[in-house]
Each structure stands twice: as structure tokens, then as C-alpha cells.
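Below is one structure, written out as C-alpha cells; comments come after it.
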Amino acid sequence: LVFVGSGVTNETVADCLEAGADGVIVGTALKRGGETTNPVSGERVEGLVAAARAANSGDEFE
């Protein structure tokens, strides 16, 4: 299995998955304001999941 563990955002998740990654590890991109010490933003999570689903036809995220 191959996971991308750095630089994953709404804008890059499709490229990662289309390049053959089996999954991604996301941290800061999901935090409010992109700050590591802030809580996770539900809006950012929804955006990233939507981008991943669009790239992957939703099959693995249902």
C-alpha cells in the first residue's frame, strides 16, 4: 500500500489518488486556518472528502 502523508489538500488530493496512492494522511489541511494547534474544521473535512470522492468516484468512501 502507498499513502501520501504530506501536502495533501483539497487541491492536491485528486492528483495523489489519480497517481496511484491507496490513501492519504491529512493533518494541518483539516485544521481551522491551516494552523496545527487549532481544532479540526468540519468544513475543511467535508471539502477534502468531497474532493477525494470526486477523484475516486466515491466507491471507496461510501
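The values are calculated or read from the model by the stated rules, or taken from the named source; none is laboratory data. These numbers were taken from a predicted model, which means no experiment stands behind them. No Cβ is skipped: glycine too gets one built from the backbone with ideal geometry, and neighbour counts run over all protein chains shown. The accessibility values were calculated without ligands, DNA or RNA, using every heavy atom of the protein model including side chains. Shrake-Rupley method; radii C 1.70, N 1.55, O 1.52, S 1.80 Å.
General observations
- Condition met for N10 (of a type in the set (S, T, N, Q), part of a loop (DSSP other than H, G, I, E, B) and free of Cβ contacts under 8 Å to residues at least 24 places away in the same chain): no
- Restricted to the range 16-43, and to residues there that are open to solvent by less than 60 Å² (accessible area, probe 1.4 Å) and in contact (Cβ under 8 Å) with a residue 24 or more places away in the chain, the residue that is farthest from the chain's Cα centre (by Cα) is L17.
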